[in-house]
Amino acid sequence: MKITFCGAAETVTGSCHLVETGGLKILLDCGLFQGSHDVESRNRAGFPFSPEEIDYVLLSHSHLDHVGMIPRLVKEGFHGEVIATPPTAAIAKVILADSAHIQSEEAAHHSRHAKRRGEKPLPPLYDMGDVLDSIDAFHHRIPYEEVVRLTDGVEAVFHDAGHILGSATIELRAEGKTLLYSGDLGNSRRPIVRDPTDPPHADIVLIESTYGNRLHRPLQESVDELKQAIHTVLGRGGNLLIPSFALERTQEVLYELFLMWKAKELPQCDIILDSPLAIATTRIFARFPGYFDSEGKAVFSKTPNPFQFPPLRYTQSTDESKHINALPEGNIIIAGSGMCSGGRIVHHLRHNLWREEAGVVFVGYQAHGTLGRTIVDGAKHVRILGEETAVKAGLWTVNGFSAHADQKGLIDWLEKTSADHILLVHGEKDTLPEFEKAIGGRIKAEIRIPQWRETMTL
Ligand SMILES: [Zn+2]
């Protein structure tokens with residue numbers, strides 16, 4: 001079995017691992033690199049394989065850094081199947097269409113700059129036509145725990161990873177061995193999604209390492225912190241901004257705000273969900289209640305719907321979004337992108353970050369090189385949309401909402417696999433050695449940190 005690490009090696013984005021086994025070429029995810037200019041330049045490095053030779057993409061979930069290069073793969077000749085759970089396939093369409101839209105905007109922006117400098121413009125990685133072309137590849141949808149035969153002697157099974165709706169850990173059986181790809185692993189006892197399924201025994205494990213050096217505080221502490229931030233900021237008349245990932249995190253934050261509202265713990269305010277993408281993904285959640293945990297099912301079966309309660313407003317159009325900044329302050333504004341590297345949140349930051357009465361609650365991971373990370377790391381000034389902006393708003397980092405397991409969660413899960421070979425992927429360069437050491441303290445196995453584009457034979 002040969003594995004080539006085409007992405008998410010010593011970084012947290014661009015997940016894509018090529019497995020060659022039983023005469024097949026299989027990709028585990030095909031995601032976009034996101035973050036700093038250096039990291040994103042890898043999207044243009046070309047695939048280290050021929051897309052037309054790939055038989056299957058086994059897709060763990062629909063975050064852009066796992067699914068975002070599939071239209072490019074199709075554009076370059078892939079005509080195999082993408083295998084995914086039904087919610088993952090449904091969400092992927094929305095995520096990829098949004099990605100094509102962002103890329104065409106970025107390409108137009110680059111081309112204006114390139115023209116001024118007399119350089120060649122950079123075309124988008126793919127456009128909406130490429131996304132539509134790639135939709136056909138998504139017809140193979142499988143529920144959790146069903147065995148899919150890929151060819152003689154090669155089988156795959158998807159297990160619930162408890163990360164976002166439809167997310168999977170992928171078990172690949174071939175050559176008498178079991179390779180287990182964690183995908184992104186969730187935290188236990190989170191709202192809406194179920195806990196990760198206990199993993200099967202595996203010989204080789206590719207495990208995500210995002211929080212391999214961190215322990216999360218319990219969710220309830222984070223909910224209390226969020227509540228405290230809301231009362232502090234709204235109490236002094238400011239706007240509270242929540243940069244949020246459109247998929248899963250937004251729905252979880254809305255769910256918690258709904259519970260606060262229901263318990264009459266929310267001050268008088270508007271909650272504005274200012275993200276067409278989050279509005280679209282929220283709609284998909286309502287289509288798959290069968291994938292919720294038991295508490296989620298119970299809450300959703302009652303009215304009012306936690307995604308439709310009185311203080312909550314959706315702003316779809318750009319005009320509606322612009323109008324938010326003309327409103328009196330004292331509202332909660334949820335907008336993407338989650339790391340503030342683009343999207344409507346950037347405009348809200350420009351309008352609010354310099355105000356002492358305002359506040360920002362970070363509820364998600366902030367990767368190196370992003371505006372969100374710069375703010376969290378304590379910058380006194382940041383550049384937003386070409387303008388120097390002072391950071392005077394109150395800042396809260398609330399990590400209990402994380403959709404990723406922490407060090408303990410990851411190692412507890414790993415221990416159950418009793419693997420001989422552990423390969424650490426999807427982690428920042430400085431996190432990986434700490435995670436490796438922590439695993440080594442508890443588990444006897446060969447642990448390796450693959451490099452970008454390294455090939456291993458196991
Ligand atoms: Zn993810």
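Hey, got a sec? Which trypsin sites (Lys or Arg not before Pro) in the range 402-458 land in a DSSP loop and have at most 12 other Cβ atoms within 10 Å?
Qualifying residues, ordered by number: K429, R442, K444.
How large a share of the accessible area of the range 278-407, in percent, is made up of carbon and sulfur atoms when the probe is 1.4 Å and the other protein chains stay in place?
Percent of accessible area from carbon and sulfur atoms in the range 278-407: 52.
Could you give the dipole magnitude of the chain about its Cα centre, charging the beta-carbon of Lys and Arg +1 and that of Asp and Glu -1, in debye to the nearest 20?
1120 debye
If you stretched the chain out fully between A298 and R189, how much longer would it get, using 0.36 nm times the residue separation minus the C-alpha to C-alpha distance?
37.7 nm
Calculate, for the range 4-140, the solvent-accessible area per residue in square angstrom, rolling a 1.4 angstrom probe over the heavy atoms of the protein chains.
Averaged over the residues of the range 4-140, the accessible area is 40 Å².
Taking N as the number of residues in the range 98-199, what value does Rg over Cα atoms divided by 2.2 N^0.38 Å take?
That ratio works out to 1.58.
What does the net charge come to around L18 if you take all other residues with beta carbon closer than 9 Å to its beta carbon, with K and R at +1 and D and E at -1?
Result for the neighbourhood of L18: +1.
Give me the accessible area per residue for the range 341-435, probe 1.4 Å, as a whole number in Å².
Per-residue value: 39 Å².
Using only helices, what value at 222 nm comes out for the chain when you add -39,500 (n - 2.57) per DSSP H run of length 4 or more and divide by the total residues, to the nearest 500 deg cm²/dmol?
-9500 deg cm²/dmol
Need the C-alpha centroid separation for the range 368-405 versus the range 132-170, integer Å.
36 Å
Can you bin the range 142-184 into rounded, prolate or oblate? Criterion: square roots of the alpha carbon gyration tensor eigenvalues sorted a ≥ b ≥ c, rounded for a/c under 1.5, prolate for a/b above b/c, oblate for the rest.
Oblate shape, in that a/c is at least 1.5 and b/c is the bigger or equal ratio.
Which of L206, H163, A263 sits closest to the plus end of the dipole of the range 135-278, meaning its Cα is farthest towards the positive end, when Lys and Arg get +1 and Asp and Glu get -1 on the C-beta?
Among L206, H163, A263, the one farthest towards the positive end of the dipole of the range 135-278 is A263.
No solvent, one uniform scatterer per C-alpha: report log10 I(q)/I(0) for the range 375-458 via the Debye equation at q = 0.12, 0.13 1/Å, two decimals.
-0.57, -0.63
Rounded to the nearest 5, what is the percent of antiparallel bridges among the DSSP beta bridges in the range 5-143?
So the antiparallel bridges amount to about 45 percent of the total.
Of all the accessible heavy-atom surface of the range 106-260, with the other protein chains kept in place and a 1.4 Å probe, what percent is carbon and sulfur?
Carbon-and-sulfur percentage of accessible area, whole number: 50.
Any idea what angle helix 407-417 forms with the longest principal axis of the chain, computed on alpha-carbon atoms, 0 to 90 degrees, nearest 10?
For helix 407-417, the angle is close to 20 degrees.
Pairs of alpha-carbon atoms within less than 8 angstrom and 6+ residues apart define the contacts here; what relative contact order does the chain have, in percent?
20 percent
From the gyration tensor of the Cα coordinates in the range 323-438, what semi-axes in whole Å does the equivalent ellipsoid have, largest first, with each one equal to sqrt(5λ)?
Ellipsoid semi-axes (Å, largest first): 36, 15, 12.
For the range 214-294, compute Rg over Rh where Rg is the Cα radius of gyration and Rh is the Kirkwood radius from the inverse mean 1/r over Cα pairs.
0.98
Along the charge dipole of the chain, pointing to its positive end and built from +1/-1 on Cβ of Lys, Arg, Asp and Glu, which listed residue (I3, G237, G46) has its Cα farthest out?
The residue sitting most towards the positive pole is G237.
Only bridges whose two residues both fall in the chain count here: according to DSSP, what percent of them are antiparallel, nearest 5?
Expressed as a percentage, antiparallel bridges in the chain total about 45.
Amide H to amide H, which residues 5 or more places from T169 or on other chains are under 5 Å from it, using H placed in the peptide plane?
Correct list: H159, D160, A161.
May I ask which of K2/K437; K264/K302; K227/K392; K177/K416; K416/K437; K177/K408 have a Cα-Cα span longer than 24 Å here?
Violating the 24 Å Cα-Cα cut-off are K2/K437; K177/K408.
What is the set of long-range amide H partners of I83 at a cut-off below 5 Å, with H atoms built 1.01 Å from backbone N?
Hits under the 5 Å cutoff: V57, L58, L59.
Taking 1 over the mean of 1/r across every pair of different Cα atoms in the range 53-155, what Kirkwood radius in Å do you get?
Every distinct Cα pair counted, the radius reaches 15.0 Å.
Treating the beta-carbon of each Lys and Arg as +1 and of each Asp and Glu as -1, no other charges, what is the dipole magnitude of the range 387-447 about its Cα centre, to the nearest 20 debye?
Dipole of the range 387-447, to the nearest 20 debye: 260 debye.
Which percent of the Cα-Cα distances in the range 155-267 go past 17 Å?
The share of Cα pairs beyond 17 Å in the range 155-267 comes to 65 percent.
Can you find, among V398, T417, I439, the residue sitting farthest towards the positive end of the charge dipole of the range 387-458, where Lys and Arg contribute +1 and Asp and Glu -1 at Cβ?
Result: T417, furthest along the dipole toward the positive end.
Please work through the chain and write down the cysteines that have no neighbouring cysteine Cβ at a distance under 4.7 Å.
Among the cysteines of the chain, those whose Cβ sits 4.7 Å or more from every other are C30, C269, C340.
Would you work out if the chain is rounded, prolate or oblate? Take a ≥ b ≥ c from the square roots of the eigenvalues of the alpha-carbon gyration tensor; rounded if a/c is under 1.5, else prolate when a/b is larger than b/c, oblate otherwise.
Note, shape of the chain comes out prolate.
Looking at the square roots a ≥ b ≥ c of the eigenvalues of the Cα gyration tensor of the range 30-76, which shape do they give, rounded for a/c under 1.5, prolate if a/b is larger than b/c, or oblate?
Note, shape of the range 30-76 comes out oblate.
The values are calculated or read from the model by the stated rules, or taken from the named source; none is laboratory data. Not measured: the values here are computed from a predicted model. Don't worry about glycine lacking a Cβ; one is built from the backbone with ideal geometry, like all the others, and counts go over all protein chains shown. For the accessible areas, the whole protein counts, side chains as well, though only heavy atoms, and no ligand, DNA or RNA atoms are used. Shrake-Rupley method; radii C 1.70, N 1.55, O 1.52, S 1.80 Å.
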